[in-house]
1. With all protein chains present and a 1.4 Å probe, how do 104, 79 order by accessible area, largest first?
2. Net charge near residue 294: determine it from the other residues with C-beta under 13 Å of the C-beta of residue 294, scoring Lys and Arg +1 and Asp and Glu -1.
3. Against the 2.2 N^0.38 Å scaling, with N counting residues, where does the stretch 182-311 land? I'd like the Cα-based Rg ratio to two decimal places.
4. In terms of solvent-accessible area of protein heavy atoms at a 1.4 angstrom probe, what is the ranking of 121, 291, highest value first?
5. Subtracting the Cα-Cα distance from 0.36 nm times the residue separation, let me have the gained length for residue 190 to residue 12 in nm, one decimal.
6. Send over the Kirkwood Rh of the chain, from the inverse of the averaged 1/r over different Cα pairs, rounded to one decimal Å.
7. Could you tell me how far the Cα centroid of the stretch 48-110 sits from the Cα centroid of the stretch 267-304, in Å?
8. Under 25 °C and 0.890 mPa s, how fast does the stretch 62-155 diffuse according to Stokes-Einstein, given a Kirkwood radius computed over C-alpha pairs? Answer in µm²/s, whole number.
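The values are calculated or read from the model by the stated rules, or taken from the named source; none is laboratory data. All values derive from a computational prediction rather than experimental measurement. Note that we place each Cβ from the backbone using ideal geometry, even for glycine, and neighbour counts take in every protein chain shown. Protein only, heavy atoms only, side chains kept; ligands, DNA and RNA dropped before computing areas. Shrake-Rupley method; radii C 1.70, N 1.55, O 1.52, S 1.80 Å.
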Amino acid sequence: MKLLELSKRDGRHCVEVFGVEPLPPNAVVDRHISDLDSIGEAIRRLADRTRPRARRAAAAVPDSAAITRIVEMDASLSDDALQSRIAAEAGRHIPFPLEEVALDFEVQNLSERNPEQVEVLLAACRREEVEKRESAMRLGGFRPHVVDIEAHALHRASLRIPHAAGHAAHGASARGASGRAVLGVLDIGAAAMRLHVFDNAKSVYSREQRLGAQRPSAHAERPDLVAEGVRALHLFRASNDRPVRGVLLAGGAAGLPGLADDLAAALAAPARVADPCAGMSLAPRIDADALGAAAPTLLTACGLALRAFDR
């Protein structure tokens, strides 16, 4: 369980508090909440230790629990008319009853194929997935404000990392054959590795693969993680014509010494450890060294906290 509280002072984000709290075994199974009380208690312990000021909170559902689609709608529709059409459109894409669904949408850009149409991002998941996270936040002493999708939070945080893995907006080396920037985020946990790929503002790929049994030493583990990372990127490239030109490493194993360099050499592409808090100011009670060590695990939490500043 990760917690990150951000404020904004004079146009600059500030880290107010952060913390990490271990979860009991089987509190989360296959990234789904199975013991709500234990999750709520872990949130409360984390809040008691870190003492954030904010009571509003955001959480995320895993990508596997959500369905996202880009649909095209008439650009001349009013907001009310668009909302009515979206509900009807959702029924064509969602394989379970709409009364069981939490549904949201966001207007993106004009369609490249037809300027009279607008692209709309449709997002949906089972309502129980949202309700469990809302309940966990309340049990932990917070007021639910947002339930996001993990990939969207990761992307939001990765965008603020300067020149993320060579992903500079003006860097030709970070762009695919179409001229669009393509970024991979490898989130490496204790038991699984998740690859998210973003093409400019869009999430275009997300896949999880299980890792083998824990290795006896970091020296034995690093080559295995490099091999798994290369395999994850090869699986993406086999199904997609967008070349990944840079990789950010996130998660608990991201900071393993030498991992980023080894992966960069194996991929022949830039790779670096994600630090979503780089360039932020720090509240006086923040231990900068501890934050730096925890930073790769805070990418999703940072993306969620940044929702507070959406306009």
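1. Numbers: 104 95, 79 120 Å².
Sorted descending by solvent-accessible area, the residues read 79, 104.
2. Details: positive: 2; negative: 21, 275, 287, 289.
Summing Lys/Arg as +1 and Asp/Glu as -1 gives -3.
3. Numbers: Rg = 15.3 Å, N = 130, 2.2 N^0.38 = 14.0 Å.
Working it through for the stretch 182-311, the quotient is 1.09.
4. Working: 121 35, 291 10 Å².
So, going from the largest accessible area down, we get 121, 291.
5. Values: separation 178, 0.36 × 178 = 64.08 nm, distance 3.32 nm.
Taking residue 190 through residue 12 to full extension adds about 60.8 nm, to one decimal.
6. Details: mean 1/r = 0.0484 Å⁻¹.
Computed over Cα pairs of the chain, the Kirkwood hydrodynamic radius comes out at 20.7 Å.
7. If we compute the Cα centre of each part, the gap is 28 Å.
8. Working: Rh = 14.6 Å.
Rounded to a whole number, D works out at 168 µm²/s.
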